[in-house]
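The values are calculated or read from the model by the stated rules, or taken from the named source; none is laboratory data. A quick note: this is a predicted structure, and the numbers were derived from the prediction, not measured. Note that we place each Cβ from the backbone using ideal geometry, even for glycine, and neighbour counts take in every protein chain shown. The area values use the complete protein model at the heavy-atom level, side chains included, leaving out ligands, DNA and RNA. Shrake-Rupley method; radii C 1.70, N 1.55, O 1.52, S 1.80 Å.
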Amino acid sequence: MIHVKNLFHDYSGKGQYAVNDISFDINKGEIFGFLGPSGAGKSTVQNIMTGLLKLQKGEVSYDSKSVKDLDSSFYNNIGVSFEHPNLYTKLTGYENLKYYTGLFSVPTLDPMVLLDRVGLRDSAKKKAGAYSKGMKQRLVFARALINNPNILFLDEPTSGLDPSTANVIKEIIRQKQQEGCTIFLTTHNMFAADELCNRVAFINDGKIVACDSPRNLKLQFGEKSVKVEYKSGEAVKKDILFLEKEEDRATFNRLVNTKDIQTIHSQEATLEQIFIKLTGRELA
Amino acid sequence: MTKGWFNLFRKDLVIAFRNALFWVLLVTLAIMIIFIKFIIPDSQETNELGYFYDKSEAGVMAEILRHSGLEEAYILNSTDEIEAAVADSPQSVGIIFEGSLEEPSFTIIHQSEISSYQRKMIDASLEALMARIGGVNRQGSYEVAFLRPQTAPISGKLAAIPPLLAFEVLILGFMFIAVFMFQEKEEGSIRAYRISPGSTATYILSKALVFLAIGLVYGLALVMLTIGIKLNYGMLILILTLGSILYSFLGAIVAVFFNNISEWFVVGTGLLMVNMAPVISHMYPSFSPKWITYIPSYSILSLFNEILFPTGKNLMPWIIPLTLGTVAAYIVCYLLVDGKLMKEGH
């Protein structure tokens, strides 16, 4: 559905590429995570995909139609949630959404229903300038949904939210996916990506260093380990064993055969650990 | 398009009402109307006093002035007295007469610098006085011809209305559109507009419409409450509309090059000052160098003058270039806003 091929972008015009030969495809109804630290090139790619930045070199197409040929009606079908809340601060939360509905030529959702879904119904008549960062984030997220889009671009949608509110947002994202919406999720929150995404791409210094499902990435790059708890006399002891190593595998077999085993848990590496392993950089 | 236009118009109007600058302008309007209507007198009377001292031996001039009806209080007896009188009254003029009626000599005493206009008036008055004493009748020695039918003299305070319309009402659009654009850049709301189906034309025209609505209310209220209702309001609305839209476009053309009001300030206020240059031509019609006539406010000011105080001039030579200028400004505005404001990465 979305096809990105050999994408480059150079802000300076001096051959210093912020995006350097990036290619990926996103299938319809998929949640595609774009993960990387600040300055890695995530937002540049998203901005090119949404037409905010002019396509310099490479291809970006939606159902085989190049982003260069898309007209303003394209924006009837997409929703974009920005990392930094960008609202009319002198308008109320309700007025912000109401005004935005008037820009679309497709049926839009009831602003009050959306405000209710993101927990802002009680603050609907409050000016957006007086909202907290988390409330602004939710309002921007709600605005992205107002035209019931087929494609959602979400930039750090759970940033600055408490775990409970973040769960509400994640639930809405899952629901949108079930409705057939394709979602491009830009984040440096590996846990959110792990929970939500069908596939993720790791981006570092403008290049994609890995792209696969979270599970496959963990299987491919994570070191598998097993945590075993067993009784040794009166005490409960714990060992972490890496089964790829012959010595650990022998220890594991010995424990299972000779000890009173309390628990056995297989352990996978987190996406963050894999990212560090691949790039040598942390995400935050 | 209409739906989108009205939607943005309504949003910008709400934001304008919630902007402190709007209320400052409203209070300014009220103050201007009160001043023009009730406080500024119809004409500025300058109480210039003339003190006279006849230093000639015969004292004939003093006698002539007494017979002509000059009060005794203004006929003094020494140079010291006349200097003291002038010192007490800054706007007064002292005149000392010496010599004879055949060979008169006048010395003028005044406190501060006087204009060449005032000096020539005094010269002319003294020359006329001497001619009258000599029995020469100057009346009928010249004739005044009028190019157009004579109109009623314009009250001094009402003559300020055309410049107020041109430099208060029209620059609303120039300033407000910049303020709105900077606010949208600062809060980032322009980014949300960029990824919506809203067009560049809708964005520009909806803003211009808001400032036009405010400008029309402001301008019409100013004219109705000061001059009255007996004038060509159709033409006034047309020029207010053209002028307001033109200045909104010009304001946007300038504002796209800046990120905030601080960056804009020097260039913006500089342009506003240049824009006010035609007021000099308005006050001194003989000062109209070619470059001043190219400033849009020159034509607009002339149009307001003619609409409010008609003299029968043909308005088309001003209206046609103004209309063409507005269309040209829109095209430039569209290209700049579309290229610089609706896209990122500049």
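Which is loosely packed, with under 13 Cβ neighbours inside 10 Å and in a helix (DSSP H, G or I), of B:E63, B:E102, B:E81, B:E57? Give the steps one after another, and end with the answer.
Values: B:E102 fails: in a helix (DSSP H, G or I); B:E81 fails: loosely packed, with under 13 Cβ neighbours inside 10 Å; B:E57 fails: in a helix (DSSP H, G or I).
Among B:E63, B:E102, B:E81, B:E57, only B:E63 is loosely packed, with under 13 Cβ neighbours inside 10 Å and in a helix (DSSP H, G or I).
The set of residues from segment A:43-77 being more than 7 Å from chain B (Cβ to nearest Cβ) and among the β-branched types (V, I, T) comprises A:T44, A:V45, A:I48, A:V60, A:V67.
Highlighted here are the helices (runs of 4 or more DSSP H) found entirely within segment B:142-227 that include at least 2 residues which are open to solvent by less than 10 Å² (accessible area, probe 1.4 Å), under 29 Å from B:C333 (Cα atoms) and of a type outside the set (K, R): B:171-187, B:189-194, B:200-226. Within segment B:248-261, not a single residue is over 30 Å from A:T50 (Cβ atoms) and open to solvent by less than 20 Å² (accessible area, probe 1.4 Å).
Quick check on my filter: what residues within segment A:250-276 are out of contact with any strand residue (DSSP E or B) (no Cβ under 7 Å at 6 or more places or on another chain) and among the hydroxyl-bearing types (S, T, Y)? Hits for segment A:250-276 are A:T258, A:T270.
When you check B:A20 against the structure, is it farther than 30 Å from B:G135 by Cα, within 14 Å of chain A (Cβ to nearest Cβ) and out of contact with any helix residue (DSSP H, G or I) (no Cβ under 7 Å at 6 or more places or on another chain), yes or no? Lay out the reasoning, then the answer.
Details: farther than 30 Å from B:G135 by Cα: yes; within 14 Å of chain A (Cβ to nearest Cβ): yes; out of contact with any helix residue (DSSP H, G or I) (no Cβ under 7 Å at 6 or more places or on another chain): yes.
The answer is yes for B:A20.
Is it the case, given these coordinates, that A:L109 is at pLDDT 95 or above, away from every other protein chain (no Cβ under 14 Å), surrounded by fewer than 17 Cβ atoms within 10 Å (Cβ to Cβ) and closer than 18 Å to B:S196 by Cβ? Working first, answer last.
On the way: at pLDDT 95 or above: yes; away from every other protein chain (no Cβ under 14 Å): yes; surrounded by fewer than 17 Cβ atoms within 10 Å (Cβ to Cβ): yes; closer than 18 Å to B:S196 by Cβ: yes.
Yes, satisfied.
Would a scan of segment A:252-269 turn up a residue that is among the polar types (S, T, N, Q) and either on the phi > 0 side of the Ramachandran plot or touching a helix residue (DSSP H, G or I) at 6+ places or on another chain (Cβ under 7 Å) (or both)? Among the residues of segment A:252-269, not one is among the polar types (S, T, N, Q) and either on the phi > 0 side of the Ramachandran plot or touching a helix residue (DSSP H, G or I) at 6+ places or on another chain (Cβ under 7 Å) (or both), which makes the answer no. For segment B:66-78, a residue qualifies if it is over 22 Å from B:V136 (Cα atoms) and surrounded by fewer than 13 Cβ atoms within 10 Å (Cβ to Cβ), and the qualifying residues are B:E71, B:E72, B:A73, B:N77, B:S78.
Yes or no, residue by residue, for (1) touching a strand residue (DSSP E or B) at 6+ places or on another chain (Cβ under 7 Å); (2) farther than 26 Å from A:T186 by Cα; (3) free of Cβ contacts under 8 Å to residues at least 12 places away in the same chain:
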site	(1), (2), (3)
A:G79	yes, no, no
A:T89	yes, no, no
A:N96	no, no, no
A:S123	no, yes, no
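Scanning segment B:287-341 for residues that are among the polar types (S, T, N, Q) and in contact (Cβ under 8 Å) with a residue 40 or more places away in the chain returns B:S297, B:N305, B:T311, B:T323, B:T326. For segment A:172-213, a residue qualifies if it is among the aromatic types (F, W, Y) and either touching a helix residue (DSSP H, G or I) at 6+ places or on another chain (Cβ under 6 Å) or outside the structural domain of A:N76 (by TED's automatic domain parsing) (or both), and exactly one does: A:F202. Residue under question is A:S12, and the condition is that it be open to solvent by 10 Å² or more (accessible area, probe 1.4 Å) and within 18 Å of the chain's Cα centre (by Cα); does it hold? Judged against the criteria, A:S12 is not a match.
Number of residues in segment B:12-22 that are surrounded by 15 or more Cβ atoms within 10 Å (Cβ to Cβ), assigned to a helix (DSSP H, G or I) and out of contact with any Ser or Thr (no Cβ under 8 Å at 6 or more places or on another chain) equals 5. Of all residues in segment B:116-132, those satisfying the criterion of being farther than 13 Å from B:V93 by Cβ and under 26 Å from the mean Cα position of the chain (by Cα) are B:S116, B:Y117.
Could you please let me know if B:M130 is closer than 24 Å to B:T107 by Cα, in contact with a strand residue (DSSP E or B) (Cβ under 9 Å, 6 or more places away or on another chain) and at pLDDT 80 or above?
Details: closer than 24 Å to B:T107 by Cα: yes; in contact with a strand residue (DSSP E or B) (Cβ under 9 Å, 6 or more places away or on another chain): yes; at pLDDT 80 or above: yes.
Judged against the criteria, B:M130 is a match.
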